[in-house]
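The values are calculated or read from the model by the stated rules, or taken from the named source; none is laboratory data. Predicted model only: the values in this text are computed from it and were never measured. Reconstructed Cβ throughout: ideal geometry from the backbone, glycine too, with neighbour counts over all protein chains shown. These area figures cover heavy atoms from the full protein model, side chains too; ligands, DNA and RNA do not enter into them. Shrake-Rupley method; radii C 1.70, N 1.55, O 1.52, S 1.80 Å.
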Amino acid sequence: MAIYIKTREQIEKMKIAGAILARLDDVLKKEIKPGVTTKELDIIAEDYIRSQGAIPSFKGYGGFPASICTSVNDEIVHGIPSKRVLKQGDIISIDMGSYIGGFHGDAARTYAVGEITPEAQKLIDVTKQCFFEGIQYAKKGCYLNEIGTAIQKYAEQNGFSVVREYVGHGIGRKLHEDPSVANYKEQSKGVALKEGMTLAIEPMINMGSHKLKVLKDGWTAVTKDGLYAAHYENTVVITNGEPEILTLLP
């Protein structure tokens, strides 16, 4: 396992990539409404990322055909933008990445499309809070497994389940670096967290069972029971004190 500790200068570059995604979140919030297609959102996102002098991290990554992942309702991750029209009551998870100055940023949010059910809103809120429960342990002196343990505990306390097949990751010059960051409790306590480590922490939480299947497109992961899923992710720097979140606006 090769974990790259970032210098202050490298973290400053990653801040630029992260800030682009934080602002893109604001752009997308205004565009997500009944009647818009996921392909239209992909075009808006790509145009915005490129307008900032960056390139979309996901486009062509492993053959992925779009600039963002758009996962609707029971789609957990890696949904491919298409002519699908969003309708009232849907939820959509958007995973987005930007690459600039030799470094990547990675973030995900789940958005309501118009009015949604209280259950769907609870899922979105709990998934977001799972991230904040986890990053209480994203600090020097803690161990990686403490992050996943906190995420799983909070999700399950709220009646939801945690996806096992997809996890967070280190990030920097490459979109995916060591270490893997599970969103659930593992057997081993994992690596000790050190100042200058940069992680993409991303709870993926299901309303029902944690079981999933991947569709014939080879990308889109959906819940096996057809119930909704949500996703929330930020790029985080381990510091001497509280973690620094690069993909949220101050």
Estimated dipole of the chain in Debye, rounded to 20 [Cβ of Lys and Arg +1, of Asp and Glu -1, Cα centre]: 260 debye
In order over the stretch 128-138: 3J(HN,Hα) from phi, Karplus 6.51/-1.76/1.60, θ = phi - 60°, whole Hz, x for each Gly or Pro, gives 4, 5, 4, 4, 5, 5, x, 6, 4, 10, 8
For the cross-link pairs LYS83/LYS216; LYS6/LYS153; LYS122/LYS224; LYS33/LYS211; LYS29/LYS174, which exceed 23 Å when the distance is taken from alpha carbon to alpha carbon? LYS6/LYS153; LYS33/LYS211; LYS29/LYS174
Cα gyration tensor shape for the stretch 1-125, rounded if a/c is under 1.5, else prolate or oblate: prolate
Dipole moment magnitude, nearest 20 debye, the stretch 1-146 about Cα centre, only Lys, Arg, Asp, Glu C-beta charged: 380 debye
Just how much of VAL167 is accessible, in Å², when a 1.4 Å probe is used and the result is rounded to the nearest 10? 50 Å²
Accessible area per residue for the chain in Å², computed with a 1.4 Å probe and the full protein assembly in place, what is it? 43 Å²
What share of Cα pairs, in percent, lie more than 12 angstrom apart in the stretch 14-69? 65 percent
What number, in nm² with one decimal, is the all-direction average of the projected area of the convex hull of the alpha-carbon atoms of the stretch 67-158? 7.8 nm²
Strictly greater than 21 Å: what percent of every Cα pair in the stretch 126-209 meets that? 22 percent
Residue-by-residue Karplus 3J(HN,Hα) for the stretch 211-226, coefficients 6.51, -1.76, 1.60, Hz, glycine and proline x: 6, 9, 9, 9, 5, 4, 5, x, 10, 5, 9, 10, 5, 5, 8, x
A 1.4 Å probe over the protein heavy atoms gives the chain a carbon and sulfur accessible-area percentage of 53 percent
Expressed to one decimal in nm², the mean projection of the alpha carbon convex hull of the chain is 12.3 nm²
Could you tell me which of GLY18, ILE5, SER51 has its Cα farthest along the dipole of the stretch 1-60 towards the positive end, charges placed at Cβ (Lys, Arg +1; Asp, Glu -1), taken about the Cα centre? ILE5
In debye, nearest 20: dipole of the stretch 181-241 around its Cα centre with unit charges on the Cβ of K, R (+) and D, E (-)? 240 debye
Helix-only [θ] at 222 nm, the chain, -39500 (n - 2.57) per DSSP H run of 4+, per residue, nearest 500, equals -9500 deg cm²/dmol
From the gyration tensor of the Cα coordinates in the stretch 34-106, what semi-axes in whole Å does the equivalent ellipsoid have, largest first, with each one equal to sqrt(5λ)? 23, 13, 10
Using alpha carbon centers only, the stretch 22-58 is separated from the stretch 155-175 by a whole-angstrom value of 23 Å
